[in-house]
Amino acid sequence: MKNIPWLLWMILASAATLGIVSLNNGCSPEGKPQTVTASQSSAQPSLDLTSPQASFETLVAAIDADNHAARLTCLTTAEKNREAGAAALNLMQLAVNSPSDGDRFLKLLDDHGLTQNAINHAMATYGAGPVGMPGFTEKIGEKIEDLTGFHKEISKLAIRPPRQELIFISAKPENNQMIGRIKIGNRDATIVFRQVDGNWLIDSPTH
């Protein structure tokens, strides 16, 4: 089996923290994080979403634990769909560029609700519209069934490189949201947080 290049992994697993194209049934409704029980894996990170910093650190812990359900719980519904849609578009591009694996990649999309008809409809409806790339990827992601399962399947195809250090610096209010400053390796970046039902969820529509 050929492995997907490391770039796709970064798109899938850490894009919300990178501020670029990111990375379900399976996770609790927006604003209501899962409660960890004794029957759940001990690797389940604490889902503390009570502040921007707590949410960011929960996201990083979930990435490190390869826990897609917990990671997605840290995101707004729109961001979950945006990053899933972006991942789907990348997988379609890989299918075109890698004929030997193309059928397998397209079947993965089809198995999660992204049939050719669904893709064609989204492209015809939103591809040249005013919603832009974030809106387009969000509409694609809305059609994906079981986002957690979708990301688990894609992550099996990717090579996971060492993660850059992710550090929360600060956050300040701006237009009913919080704009956070973070450090990714040796560079600074921004990340958007929105409060939903008392929880601060990550929402960075920059892809």
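Read the figures in this text as sums done on the coordinates, not as results from a lab. Keep in mind that this is a model prediction, so the values were computed, not measured. Here Cβ is always computed from backbone atoms with ideal geometry, including for glycine, and neighbour counts include all displayed protein chains.
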Next on the checklist: Cut-off is 10 Å between beta-carbons; in what order do His121, His112 appear when sorted fewest neighbours first?
Outcome noted: His121, His112
Next on the checklist: Place a point 7 Å from the Cα of Lys152 along the Cα-to-Cβ direction; which residues of the range 61-97 have their backbone N under 20 Å from it?
Outcome noted: 61-75, 80-81, 83-85, 87-88
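Measure up Lys80/Lys183; Lys139/Lys172; Lys80/Lys143; Lys80/Lys107 against 19 Å on the Cα-Cα distance and list the ones that go over. Please report the intermediate quantities before stating the final value.
On the way: Lys80/Lys183 22 Å; Lys139/Lys172 30 Å; Lys80/Lys143 12 Å; Lys80/Lys107 21 Å.
Check vs 19 Å cut-off fails for Lys80/Lys183; Lys139/Lys172; Lys80/Lys107.
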Checklist outcome for this item: Of 49-58, 91-100, ordering from highest average Cβ density within 10 Å down gives 49-58, 91-100
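So which GluC sites (Glu not before Pro) in the range 69-176 end up in coil per DSSP with only 14 or fewer other C-beta atoms within 10 Å? Provide the component values of the computation, followed by the final result.
On the way: sites: Glu79, Glu83, Glu138, Glu142, Glu145, Glu153, Glu165, Glu174; in loops: Glu145, Glu165, Glu174.
Filter output for the range 69-176: Glu145, Glu165, Glu174.
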